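**Student:** Before I ask anything, let me first share the structure, which is written out below as structure tokens.
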Amino acid sequence: MTEAEMYEECAVLWTQSNDYERVISLLRSFEVSKLDTIKAIRNICGASLGDAKKIVNASTTWADTVDGTAHFHDILEKGAISEQIETPVNDAESDRA
């Protein structure tokens, strides 16, 4: 089955069922990654990026990965926050302030 056929099958399932979990489960059965599942939910179901992330993370299909990815996102978020706090201000920028 080609990638296009796989996504077409998911689109047909979505049209017939309007059931996110069934579409997500079908995508995972095709060994589609979690990131590509989020992209597919956006494209197939018309969800926003934020909603697609929430839908996939809340799904029972991907429940076995939520703890690991939540921890990873927490680390990234903390790193981004500390980087913002610790970033030195350019002297030219401080003179303008």
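The values are calculated or read from the model by the stated rules, or taken from the named source; none is laboratory data. What you are looking at is a predicted structure, and each value in this text was computed from that prediction instead of being measured. Here Cβ is always computed from backbone atoms with ideal geometry, including for glycine, and neighbour counts include all displayed protein chains.
**Student:** Given the conditions (1) at pLDDT below 95; (2) loosely packed, with under 10 Cβ neighbours inside 10 Å, and given that residue 78 satisfies all but one, which numbered condition is not satisfied?
**Tutor:** Here residue 78 meets the rest and fails (2).
**Student:** Still on this structure, please answer the following. For segment 56-67, check the following and say yes or no: at least one residue is buried (at least 17 other Cβ atoms within 10 Å of the Cβ) and without any contact (Cβ under 8 Å) to a residue 24 or more places away in the chain. Please lay out each step first, then the result.
**Tutor:** Step one: filter segment 56-67 for residues buried (at least 17 other Cβ atoms within 10 Å of the Cβ), giving 56, 59, 61-62.
Next, from what is left, pick out any that are without any contact (Cβ under 8 Å) to a residue 24 or more places away in the chain: none.
Scanning segment 56-67 turns up no residue that is buried (at least 17 other Cβ atoms within 10 Å of the Cβ) and without any contact (Cβ under 8 Å) to a residue 24 or more places away in the chain.
**Student:** Do we find a residue being over 17 Å from the mean Cα position of the chain (by Cα) and not in a helix (DSSP H, G or I) anywhere in segment 14-28?
**Tutor:** Within segment 14-28 (the criterion being over 17 Å from the mean Cα position of the chain (by Cα) and not in a helix (DSSP H, G or I)), the answer is yes, since at least one residue qualifies.
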